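Inspection log for the structure reproduced underneath, given as structure tokens.
The values are calculated or read from the model by the stated rules, or taken from the named source; none is laboratory data. These figures come from a predicted structure and were not determined experimentally. As a convention, Cβ positions derive from the backbone with ideal geometry for all residues, glycine included, and neighbour counts pool all protein chains shown. To get the accessible areas, we keep the full protein, side chains included, count just its heavy atoms, and leave off ligands, DNA and RNA. Shrake-Rupley method; radii C 1.70, N 1.55, O 1.52, S 1.80 Å.
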Amino acid sequence: MDNPQVSVVVISYNSAKTIAETLESIRAQTYSPLELIVSDDASTDDTAAIAREWAEKNRSRFVRAEVIVAEKNGGIPANLNRGISAARGEYLKSIAADDILLPDCIEKNIKFFEQNPETQVVFSKIRRFSGPPENRVFHDSYPDEENQSYFSKPAHEQFRGLVTEKFWGIPAPSLFAKTEILRDVFPYDEKYRFMEDYPEWCRLSRSGIKFYFIPEETVLYRLNSDSISSENKKTFYPLRLWETRKLFFLLEWRDYLLELGLPEEAKRRERDFLLFDFLRLVFKNKRTATARIFRHILSRFLKAFLR
């Protein structure tokens, strides 16, 4: 039988320094046939031009190669949906334009699907790295054993683990799925501009879709100090991420906790966001000595009086 077609969707934004290496890692895959789709979120650098030139030069490697450029920046979920909507393959592998697929990434995923035909979504291990090719540093492999164990649980337990954040170690860059699940059934929610993965995992597992796991490395994930979730020692919170988390809490997360019979957990999250609002509005999110004192006092107050 012929191999099923896999669509590789690359999402990019101002990725001129890294996208060529990402694309080369796709070209070097041991698997065929592949479709390549680059979805660029209105980059202001040369990302789109580099992608177009590379795609034209390497077009013969793919069943189809397309570069789609948004007219204006729409955020990560919209960028993913744009690329996934154009996918024609039976299976889908998404990747950010600064990460790298290991050569047998797609082959390993397809083999898993063939051996486990009930699978709709699967993840695998990733290895974090930093630095350019000539000075590359490899870090830890992820997820750890505790989070790997969650993949053996049924979907409803995975959902509970996600909502309570006990199952927080999903290696998003390794996602491999049947295309129709992410394109037609559960596209990414574009309301959550800076947090595409967590709402998506909750919706999928709540619907009964179990996450499977391959205990092998398939993706290299680039550590980036400019990423949305990066920590900054001068501030309390990465604002864009926490503002998106708060929106998700108000629209869905709180209801999920109540649905699971966890009102105290919902209250605790509510206190967290009240504290976030206070530090953001009163102290501009700056981690000063005075702000740290008020944070401690307010945290104790909220815990005592907002039960």
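The table for this structure:
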quantity	calculated
Residue, modelled with the highest pLDDT, within region 155-168, restricted to residues that are part of a loop (DSSP other than H, G, I, E, B) and surrounded by fewer than 20 Cβ atoms within 10 Å (Cβ to Cβ)	Thr164
Region 188-201, residues that are under 13 Å from the mean Cα position of the chain (by Cα) and either not acidic (Asp, Glu) or not in a helix (DSSP H, G or I) (or both)	Tyr188, Asp189, Tyr192, Arg193, Phe194, Met195, Glu196, Tyr198, Pro199, Trp201
Scan of region 170-187 for residues that are assigned to a helix (DSSP H, G or I) and not hydroxyl-bearing (Ser, Thr, Tyr), ordered by number	Ala172, Pro173, Glu180, Ile181, Leu182, Arg183, Asp184, Val185
Any chance Ile126 is surrounded by 15 or more Cβ atoms within 10 Å (Cβ to Cβ), among the aliphatic types (A, V, I, L, M), at pLDDT 95 or above and within 18 Å of the chain's Cα centre (by Cα)	yes
Exclusive hit being of a type outside the set (A, V, I, L, M) and within 18 Å of the chain's Cα centre (by Cα), set Asn147, Asn116, Asn135	Asn147
Filtered residues of region 211-231 (kept if open to solvent by 60 Å² or more (accessible area, probe 1.4 Å), out of contact with any Pro (no Cβ under 9 Å at 6 or more places or on another chain) and modelled with pLDDT of 75 or more)	Pro215, Glu216, Leu223, Asn224
Options Lys284, Lys210, Lys234, Lys246: the member that is charged (D, E, K, R) and over 26 Å from the mean Cα position of the chain (by Cα)	Lys284
Meets criteria (at pLDDT 95 or above and open to solvent by 50 Å² or more (accessible area, probe 1.4 Å)) for Pro171	no
Test: residue in region 133-140 that is outside any helix (DSSP H, G or I), in contact with a strand residue (DSSP E or B) (Cβ under 7 Å, 6 or more places away or on another chain) and open to solvent by 80 Å² or more (accessible area, probe 1.4 Å)	yes
Residues of region 92-143 satisfying the condition of being hydroxyl-bearing (Ser, Thr, Tyr) and in contact with a Lys or Arg (Cβ under 6 Å, 6 or more places away or on another chain)	Ser141
Tally, over region 174-210, of residues that are under 21 Å from Glu114 (Cα atoms), among the charged types (D, E, K, R) and open to solvent by less than 10 Å² (accessible area, probe 1.4 Å)	0
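Matching residues to (1) more than 29 Å from Lys233 (Cβ to Cβ); (2) in contact (Cβ under 8 Å) with a residue 60 or more places away in the chain; (3) aromatic (Phe, Trp, Tyr); (4) in contact with a strand residue (DSSP E or B) (Cβ under 7 Å, 6 or more places away or on another chain):
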{"residue": "Leu260", "(1), (2), (3), (4)": "yes, yes, no, no"}
{"residue": "Arg269", "(1), (2), (3), (4)": "no, no, no, no"}
{"residue": "Leu274", "(1), (2), (3), (4)": "no, no, no, no"}
{"residue": "Asn285", "(1), (2), (3), (4)": "no, no, no, yes"}
{"residue": "Thr288", "(1), (2), (3), (4)": "no, no, no, no"}
{"residue": "Ile293", "(1), (2), (3), (4)": "no, no, no, no"}
{"residue": "Ser299", "(1), (2), (3), (4)": "no, no, no, no"}
{"residue": "Phe305", "(1), (2), (3), (4)": "yes, no, yes, no"}
